[in-house]
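Trainee: Here's a structure for you.
The values are calculated or read from the model by the stated rules, or taken from the named source; none is laboratory data. Bear in mind the structure is a predicted one, so any value in this text is a computation, not a measurement. Cβ placement follows ideal geometry from the backbone for every residue including glycine, while neighbour counts extend to all protein chains displayed.
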Amino acid sequence: MKLIGTGSALPRKVVTNDDLSQFLDTSDDWIYPRTGIKTRHIISDERLEDLAADAVMKALEDAALSPADIDLLICSNVVNEYLTPGLGCIISAKTGITCPSMDINCACPGFIYAMDIAENYFLAGRVKNVVIVCAEEPTRMASWADRSTCVLFGDGAGAAVFTRGDNFKGTILRAQPDPTKIWQYRPLARTPFDTREVSEVPLQMMGREVFRFAVTAAVQDIHTMLRKNGIEMKDVDYFMIHQANLRIVEGIRERIGAPSYKFPSNIRDHGNSSSASCPILLDECNRAGLFKPGDRLMFSAFGAGLQSAVALLEW
Ligand code: COA
């Protein structure tokens, strides 16, 4: 398959570290050096599905396609206000896309998992054009009394359109199952027959362990992808790393020994927007004209599961 269009959309409301320190025992002096985050976009008067639809329409415009051209919509999302139908169906209705859609919940590496699914549809000859949309509102998962999690996140949506071609060089997906490091529990309606003691638990994260997992998994995944494609580290032009924490990106960069200019980053302005982070970064770089034909882009993302993934494409 071949990437032919990108789009993204962010909530209007921008929240600074100083804004957070008005109601939380935190500060820019704590947050910025540990995470690289200065501001994040947070949903206030918008709806996630509207941001997602906006990102899809921008990506279609960039690809010079119309909603009727799309054969499959894959939506990556951890949580949204609809339990059913899938967020992909709601985005389709808003954009006039009428093909089948599916939702996946693969947390932060969701964009790469979605590209893996799309590639298999292309390889099977079942589709001509696919749109992937990653739409996330992680700021509504964390407890706003928990300074160790809520300061890290931002909301947004990123989309990418693929057609038949061969600039996509493949994915590697990897799982190290452990649901105790990043998790959240949301009980469903209680039936008269339910005898369990269950209560809601906001987003929980073992920060230091997740940090170590992220760096180690990404470094291994990147090396595996290089070997699989018979290329060297110097042959990669840009590393599109999930924007979870600038120190994680820096840790990966140091261990693989690549120069800083190869690591585009927007975490300073966006925080961690889960699976939307990679396609938002991709769209911003695309619209800034960063990439030239033939550039090799290595995507690497990691998160709840614990799961990680890499993808390689040539611009
Ligand atoms: N403001 C001020 N103090 C804070 C704070 C905040 N926002 N968050 C935590 N602290 C405090 C803690 O309470 C603790 O205080 P104590 O020593 O008095 O108990 C102290 O800072 C150290 O906390 P700790 O959690 O050990 O900090 P850390 O150096 O590990 O940094 C993270 C925390 C979350 C920034 C870091 O672990 C991290 O980035 N992990 C990866 C998270 C991530 O990216 N997850 C998503 C992956 S997809």
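Trainee: Within segment 119-130, track down each residue that is surrounded by fewer than 24 Cβ atoms within 10 Å (Cβ to Cβ), within 25 Å of ASN286 (Cα to Cα) and of a type in the set (A, V, I, L, M, F, W, C).
Mentor: Listed by number, the residues that qualify are PHE122, VAL127.
Trainee: Return yes when MET225 is in contact with a Leu (Cβ under 7 Å, 6 or more places away or on another chain) and free of Cβ contacts under 8 Å to residues at least 60 places away in the same chain and no when it is not.
Mentor: no
Trainee: Do you know which residues across segment 128-180 are assigned to a loop (DSSP other than H, G, I, E, B) and within 15 Å of the chain's Cα centre (by Cα)?
Mentor: GLU137, LEU152, GLY154, ASP155
Trainee: Considering each of SER265, SER199, SER277 in turn, give the residue that is in the same structural domain as GLY289 (by TED's automatic domain parsing) and outside any loop (DSSP other than H, G, I, E, B).
Mentor: SER277
Trainee: Okay, next question. Quick one: which of ALA258, ALA244, ALA218 is more than 20 Å from the chain's Cα centre (by Cα) and either outside the structural domain of ARG140 (by TED's automatic domain parsing) or part of a helix (DSSP H, G or I) (or both)?
Mentor: Selected residue: ALA258, the only one of ALA258, ALA244, ALA218 that is more than 20 Å from the chain's Cα centre (by Cα) and either outside the structural domain of ARG140 (by TED's automatic domain parsing) or part of a helix (DSSP H, G or I) (or both).
Trainee: Output the number of the condition that GLU46 fails; it satisfies all remaining conditions of (1) crowded, with 20+ Cβ neighbours inside 10 Å; (2) touching a Pro at 6+ places or on another chain (Cβ under 6 Å).
Mentor: (1)
Trainee: Also: Let me spell it out: the conditions are (1) away from the ligand (no atom under 16 Å from the Cβ); (2) surrounded by 20 or more Cβ atoms within 10 Å (Cβ to Cβ), and ASN80 meets all of them except one. Which number is the exception?
Mentor: (2)
Trainee: Those residues that are closer than 24 Å to LYS2 by Cβ and not aliphatic (A, V, I, L, M), I need them from segment 82-102; list them, please.
Mentor: Narrowing segment 82-102 to residues closer than 24 Å to LYS2 by Cβ: 88, 91-92, 95-102.
Once the filter is applied, which keeps residues that are closer than 24 Å to LYS2 by Cβ and not aliphatic (A, V, I, L, M), segment 82-102 yields GLY88, SER92, THR95, GLY96, THR98, CYS99, PRO100, SER101.
Trainee: While we're looking at this one, here's another question. May I ask you to list the residues in segment 1-54 that are among the hydroxyl-bearing types (Ser, Thr, Tyr) and more than 10 Å from the ligand (Cβ to nearest atom)?
Mentor: If the condition is that a residue be among the hydroxyl-bearing types (Ser, Thr, Tyr) and more than 10 Å from the ligand (Cβ to nearest atom), then THR6, SER8, THR16, TYR32, THR39, SER44 are the ones that fit.
Trainee: If you don't mind, another one. Residues of segment 277-301 being under 12 Å from ILE172 (Cα atoms) and not polar (S, T, N, Q), which ones?
Mentor: Of everything in segment 277-301, those that are under 12 Å from ILE172 (Cα atoms) and not polar (S, T, N, Q) turn out to be MET298, PHE299, ALA301.
Trainee: In this structure, does CYS108 turn out to be within 16 Å of the ligand (Cβ to nearest atom), touching a helix residue (DSSP H, G or I) at 6+ places or on another chain (Cβ under 6 Å) and either under 19 Å from ASP283 (Cα atoms) or assigned to a helix (DSSP H, G or I) (or both)? Break it down into steps so the answer makes sense when it comes.
Mentor: Working: within 16 Å of the ligand (Cβ to nearest atom): yes; touching a helix residue (DSSP H, G or I) at 6+ places or on another chain (Cβ under 6 Å): yes; either under 19 Å from ASP283 (Cα atoms) or assigned to a helix (DSSP H, G or I) (or both): yes.
It is true that CYS108 is within 16 Å of the ligand (Cβ to nearest atom), touching a helix residue (DSSP H, G or I) at 6+ places or on another chain (Cβ under 6 Å) and either under 19 Å from ASP283 (Cα atoms) or assigned to a helix (DSSP H, G or I) (or both).
Trainee: Here's a follow-up. Is it true that ALA59 is over 20 Å from the mean Cα position of the chain (by Cα), among the hydrophobic types (A, V, I, L, M, F, W, C) and not in a strand (DSSP E or B)?
Mentor: So ALA59 does not fit the description; no.
Trainee: Another question, if that's okay. Considering segment 261-290 alone, what residues qualify as being of a type in the set (A, V, I, L, M, F, W, C), surrounded by 18 or more Cβ atoms within 10 Å (Cβ to Cβ) and more than 13 Å from the chain's Cα centre (by Cα)?
Mentor: Matches in segment 261-290: CYS285 only.
Trainee: Also, quick follow-up: With the condition kept exactly as written, say whether any residue in segment 125-141 is within 16 Å of the ligand (Cβ to nearest atom), hydroxyl-bearing (Ser, Thr, Tyr) and under 19 Å from ALA107 (Cβ atoms).
Mentor: Yes; the residues of segment 125-141 include at least one that is within 16 Å of the ligand (Cβ to nearest atom), hydroxyl-bearing (Ser, Thr, Tyr) and under 19 Å from ALA107 (Cβ atoms).
Trainee: Return yes or no: is SER308 assigned to a helix (DSSP H, G or I), within 11 Å of the ligand (Cβ to nearest atom) and under 20 Å from ALA160 (Cβ atoms)?
Mentor: no
Trainee: Just one of ILE74, ILE117, ILE112 is of a type in the set (Val, Ile, Thr), under 19 Å from CYS278 (Cα atoms) and touching a Gly at 6+ places or on another chain (Cβ under 8 Å); which is it?
Mentor: ILE74
Trainee: Just name the residue that is surrounded by the fewest Cβ atoms within 10 Å (Cβ to Cβ) out of those in segment 131-152 that are in contact with a Ser or Thr (Cβ under 8 Å, 6 or more places away or on another chain) and within 30 Å of ARG296 (Cβ to Cβ).
Mentor: LEU152
Trainee: Okay, moving on. Kindly indicate the residue of segment 155-190 that is exposed (fewer than 11 other Cβ atoms within 10 Å of the Cβ) and without any contact (Cβ under 8 Å) to a residue 60 or more places away in the chain and also nearest to MET205 (Cα to Cα) among those meeting that condition.
Mentor: Across segment 155-190, the extreme among qualifying residues is THR180.
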